[in-house]
Structure formats: structure tokens, C-alpha cells
């Protein structure tokens, strides 16, 4: 099967360029679900579009923090 082995993208207006060289390609090879799971970086808050941000374990939500400030 023919496919591009060398790809160059130049975006001078955006001030970047990228070169991709394909060394090995496996066509129609299955990809396991674990390849699509990303660990959430420490100290970040998960934001699901259309929902309020969820606090990480041990991290108070913005509403809880605001409520704590009001109590003081």
C-alpha cells in the first residue's frame, strides 16, 4: 500500500513548521482502550463541558471555598 513517508508542513505566518517521517506503519492494527486513557495531572481540576468543575480528592470545590470564606 502506498502512503506518504515524508510530510513537511510549513506555516510561516504562524511561525512554525513540522516534519513527519514515517518509519513504520501498521495498517488496520487494533488499538486497545487503555491507549485512550489519560491520567489527570496533579493539581488540576477536571472540567466536563456543560458541567461545573469537579474537585480532585482532597481539593475543595470553588463553591466550598467561597462558602468557607463567607463563614469567616
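Structure data summary
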read-out	value
Out of 48, 23, 19, sole residue that is modelled with pLDDT of 90 or more and part of a loop (DSSP other than H, G, I, E, B)	23
Residue 29 being surrounded by fewer than 10 Cβ atoms within 10 Å (Cβ to Cβ), over 30 Å from residue 2 (Cβ atoms) and either modelled with pLDDT of 60 or more or out of contact with any strand residue (DSSP E or B) (no Cβ under 8 Å at 6 or more places or on another chain) (or both)	no
Residues of the stretch 9-24 that turn out to be surrounded by 10 or more Cβ atoms within 10 Å (Cβ to Cβ) and touching a residue at least 12 places away in the same chain (Cβ under 8 Å), as a count	2
Residue satisfying condition, being modelled with pLDDT of 90 or more and either in a loop (DSSP other than H, G, I, E, B) or within 27 Å of residue 3 (Cα to Cα) (or both), within set 41, 57	41
For residue 13: the one exception among (1) assigned to a loop (DSSP other than H, G, I, E, B); (2) more than 24 Å from the chain's Cα centre (by Cα); (3) modelled with pLDDT of 85 or more	(1)
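The values are calculated or read from the model by the stated rules, or taken from the named source; none is laboratory data. Just so you know, these numbers come straight off a predicted model, no measurement behind them. Every residue, glycine as well, gets a Cβ built from its backbone with ideal geometry; the counts of neighbours run over all protein chains shown.
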